[in-house]
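Following: one structure in structure tokens, then a few remarks.
The values are calculated or read from the model by the stated rules, or taken from the named source; none is laboratory data. Note that the structure is predicted; figures quoted are calculated from it, not measured. Note that we place each Cβ from the backbone using ideal geometry, even for glycine, and neighbour counts take in every protein chain shown.
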Amino acid sequence: MLPELLQGSEGGGFLIIKDSTCYSGRHLLRSFISAALKREEAVHVLGFEVSEEELKHGLKGSATERLHFHNAYVDPLGWTDCPPFTVNQFTLKDLEHLFNQTSQSKPAILVIDSLSWIMRHLSPPFVCRTLQQLKKGGAVRTVIGLLHSDMHQQGVVGSVCHLATSVITVSPGGRGDEAVAKTTRRLKSGKVTQDGEIFSIKEDLSVIITQGKPSLPGPKGAEAEELEKDPTVNLTFNLLLSDQEREAKEKLALPFVFSKEKKTALLHSGPGSGRILYEPDAADDYDQEDPDDDLDV
């Protein structure tokens, strides 16, 4: 699934690369930038965490002319008189103004490095609303954001990831420069697909899939067998019934269930049972066609 996303076959949307302190997702983010430039697409980068030189390291050739870096690294909070780009400009109006300053024939790709920096200085509802506007506004074809999951509460991370059409969670692999990518993709039909792959990134920023569907870490041997045992074994009370107890339960007559003999006794009155007989007298105004004629309704 990761190669399909790199090729841009998803056809737009909102993609999140979710990393942690264990493994940085910026390497994979730069691979997405390189793949978009090779497809001759215009790429706008909001750079908050690294400089333009560091981000462009490894990107070679004339393709970098289509890469527009909006420098929020030198003065992200606007402390100087003329900051290039600040966090307060993360609005639909200001971003569309940036896109219109460049000549491009089709919607570009917006790369946010990183969403965590923006969410540390703007409220999560405001950030989510702006991302939703970017998805539907048509100013950009695809939004790709880097999110540091261990910098925010899980509820905030879940809210942002809920907006995304694809979420790639990266973690370190078992050996060398390998890493694990767990991808969750939400299709237009509403179906959600998941996939896991082991990948490595070469010097030219191309991604190589070394193994598909990695085995998830977990208990093995005796520990795995322990998990397969009955979870009620160590309880101080018994939740299960023996054969004798189950047979006694089935024979038990419940108080709200009438037996056949009890139903017969109630439906067919025997000798000595009382009955109420009513004979109307001359003073009763009783109409057989309208029994409720005497009621004031």
**OP:** Kindly establish whether Leu95 is more than 22 Å from the chain's Cα centre (by Cα), over 15 Å from Leu163 (Cβ atoms) and in a helix (DSSP H, G or I).
**Re:** yes
Subject >> Qualifying residue in the range 105-115 (condition: of a type outside the set (D, E, K, R), surrounded by fewer than 16 Cβ atoms within 10 Å (Cβ to Cβ) and within 19 Å of Leu15 (Cα to Cα)) >> reply: no
**OP:** Return the residue satisfying two criteria in turn: it lies in the range 1-41 and is of a type in the set (Asp, Glu) and under 21 Å from the mean Cα position of the chain (by Cα), and of such residues it is nearest to Trp117 (Cα to Cα).
**Re:** Asp19
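In the range 123-137, is there at least one residue being without any contact (Cβ under 8 Å) to a residue 12 or more places away in the chain, within 23 Å of Val50 (Cα to Cα) and either crowded, with 18+ Cβ neighbours inside 10 Å or touching an Asp or Glu at 6+ places or on another chain (Cβ under 7 Å) (or both)?
Just the residues of the range 123-137 that are without any contact (Cβ under 8 Å) to a residue 12 or more places away in the chain, to begin with: 123, 125-126, 129, 136.
In the following step, the residues that additionally are within 23 Å of Val50 (Cα to Cα) were identified as 123.
Pick out the ones that are also either crowded, with 18+ Cβ neighbours inside 10 Å or touching an Asp or Glu at 6+ places or on another chain (Cβ under 7 Å) (or both) and you get none.
Scanning the range 123-137 turns up no residue that is without any contact (Cβ under 8 Å) to a residue 12 or more places away in the chain, within 23 Å of Val50 (Cα to Cα) and either crowded, with 18+ Cβ neighbours inside 10 Å or touching an Asp or Glu at 6+ places or on another chain (Cβ under 7 Å) (or both).
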Original post:
Residues in the range 50-63 that are closer than 17 Å to Asp113 by Cα and either in contact with a Phe, Trp or Tyr (Cβ under 6 Å, 6 or more places away or on another chain) or without any contact (Cβ under 8 Å) to a residue 60 or more places away in the chain (or both): how many?
Top reply: 7
**OP:** Please work out which one of (1) at pLDDT 75 or above; (2) of a type in the set (S, T, N, Q); (3) loosely packed, with under 15 Cβ neighbours inside 10 Å is the condition Ser215 fails and give its number.
**Re:** (1)
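From the set of residues in the range 7-19 that are farther than 23 Å from Gln133 by Cβ and surrounded by fewer than 16 Cβ atoms within 10 Å (Cβ to Cβ), which is modelled with the lowest pLDDT? Let's see the steps before the verdict.
Here is the first cut: in the range 7-19, the residues farther than 23 Å from Gln133 by Cβ are 7, 9, 19.
Within this subset, residues satisfying the condition of being surrounded by fewer than 16 Cβ atoms within 10 Å (Cβ to Cβ) are 7, 9.
Numbers: Gln7: 85, Ser9: 59.
Looking at residues that are farther than 23 Å from Gln133 by Cβ and surrounded by fewer than 16 Cβ atoms within 10 Å (Cβ to Cβ), I get Ser9.
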Subject >> Top-ranked residue in the range 59-86 [being in a loop (DSSP other than H, G, I, E, B) and acidic (Asp, Glu); ranked as farthest from Leu46 (Cα to Cα)] >> reply: Asp81
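What residue, among those in the range 21-56 that are in a loop (DSSP other than H, G, I, E, B) and of a type in the set (Asp, Glu), is farthest from Leu77 (Cα to Cα)? Let's see the steps before the verdict.
As a first pass, look at the range 21-56 and keep what is in a loop (DSSP other than H, G, I, E, B): 21-22, 24-25, 39-42, 48-51, 56.
Keeping just the survivors that are of a type in the set (Asp, Glu) gives 40-41, 49.
On the way: Glu40: 32, Glu41: 30, Glu49: 13 Å.
Looking at the filtered set, the residue picked out is Glu40.
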Subject >> Check on Gly190, on the phi > 0 side of the Ramachandran plot and modelled with pLDDT under 50 >> reply: no
